[in-house]
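Participant: This structure is in structure tokens; I'll ask about it shortly.
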């Protein structure tokens, strides 16, 4: 479950303190992160059999893009690239998910953001 939370943290756009430094965070391979993320979404959003391969592909592309973002050294450039990658992923998911599913996806992202911010402020 903690590994799923790590993956979701990356999904919602929150970089850990390590990621904010100039060193990359040690993460599982993109394919593994995408598979875990898809599995979580499959359960949480009740994905259909037709949606699963499309969501898997979107998650994989986003994970690969995030690996590239993590290699950037300039904080502003990294932030902008991360934000753009998240927006791109959301737009792709919006085309695959139903309105109800996308709303649940956004709600889940927002909840995770709040939880992470709360943990940071401890």
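The values are calculated or read from the model by the stated rules, or taken from the named source; none is laboratory data. Computed from a predicted structure; not experimentally measured. Virtual Cβ from ideal backbone geometry, glycine too; neighbours counted across all protein chains shown.
Participant: If I ask for residues that are under 23 Å from residue 68 (Cβ atoms) and without any contact (Cβ under 8 Å) to a residue 40 or more places away in the chain, which ones from the range 90-113 would you list?
Facilitator: Listed by number, the residues that qualify are 90, 91, 92, 93, 94, 95.
Participant: List the number of the failed condition for residue 116; all other conditions in (1) closer than 21 Å to residue 55 by Cα; (2) touching a residue at least 40 places away in the same chain (Cβ under 8 Å); (3) crowded, with 16+ Cβ neighbours inside 10 Å; (4) within 14 Å of the chain's Cα centre (by Cα) hold.
Facilitator: (1)
Participant: Right, next: Condition (residue is without any contact (Cβ under 8 Å) to a residue 24 or more places away in the chain and within 19 Å of residue 95 (Cβ to Cβ)) applied to the range 30-42: is it met by at least one residue?
Facilitator: For the range 30-42, residues without any contact (Cβ under 8 Å) to a residue 24 or more places away in the chain and within 19 Å of residue 95 (Cβ to Cβ): present.
Matching residues to (1) more than 21 Å from residue 40 (Cα to Cα); (2) modelled with pLDDT of 95 or more:
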site	(1), (2)
73	yes, no
82	yes, no
88	no, yes
93	no, yes
100	no, yes
110	no, no
114	no, no
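Participant: Return yes when residue 64 is at negative phi and modelled with pLDDT under 95 and no when it is not. So that I can check it myself, show each step before the final result.
Facilitator: On the way: at negative phi: yes; modelled with pLDDT under 95: no.
No.
Participant: Another one. Among the candidates 47, 87, single out the residue that is farther than 19 Å from residue 27 by Cα, free of Cβ contacts under 8 Å to residues at least 60 places away in the same chain and crowded, with 17+ Cβ neighbours inside 10 Å.
Facilitator: Details: 87 fails: crowded, with 17+ Cβ neighbours inside 10 Å.
Within the list 47, 87, the selection yields 47.
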